[in-house]
Amino acid sequence: MKYYLLSVIQPSEGAPPSAEALAEIMGNVEAFHQELREAGAWVFAGGLHGPETATVLRPKGEDVLITDGPYAEGKEYLGGLCLIKAPDLDAALEWGRKAGRATTLPIEVRPFLHTAED
């Protein structure tokens, strides 16, 4: 088994979903997480606050500079993540498809460098 990161790509522009639509999306996300748990693929998942809450630490010589706000501005940002275990990339991509349907947002799937410990 390998670890894969499913990154939820959040647009920084546009109106957020209505309260009703967001409630439906969150219900779908919880159902997706439950399916991961039942399949033994669940490791961890969570949403993130917006990039305006970020603090960036940059090593500079012997010091570390601290800056409020995101490292880079863009039209998208990391809105949440899900760490899963899957036997191969094809299986991870199928979980990514399900995550995309649940969140209604783009999902980036990336393998970790090491394998999962079973």
Practice problem: For the chain, count the residues as N, evaluate 2.2 N^0.38 Å, and divide the Cα radius of gyration by that value, please. | Solution: 1.21
Practice problem: Can you tell me the FRET efficiency between GLU24 and HIS114 if r is taken as the Cβ-Cβ distance and R0 is 35 Å, rounded to the nearest 0.05? | Solution: 0.45
Quiz prompt | Fewest-first ranking of PHE44, PHE112, PHE32, using other Cβ atoms within 10 Å as the exposure measure | solution = PHE44, PHE112, PHE32
Exercise. For every other residue with a beta carbon closer than 13 angstrom to the beta carbon of LEU5, add +1 if it is Lys or Arg and -1 if Asp or Glu, then tell me the sum.
Key: +2
Quiz prompt | FRET efficiency, 1/(1 + (r/R0)^6) with R0 35 Å, evaluated for LEU65 and HIS33 via beta carbons | solution = 0.40
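Would you mind ranking SER12, SER18 by Cβ crowding within 10 Å, fewest neighbours first?
Lowest to highest Cβ neighbour count: SER18, SER12.
Any read-out appearing in this document is the output of simple, stated calculations on the displayed coordinates, not a laboratory observation. Nothing here was measured: the structure is a model prediction, and the numbers come from that model. FYI the Cβ positions are ideal-geometry reconstructions off the backbone, even for glycines, and counts take in every protein chain you see.
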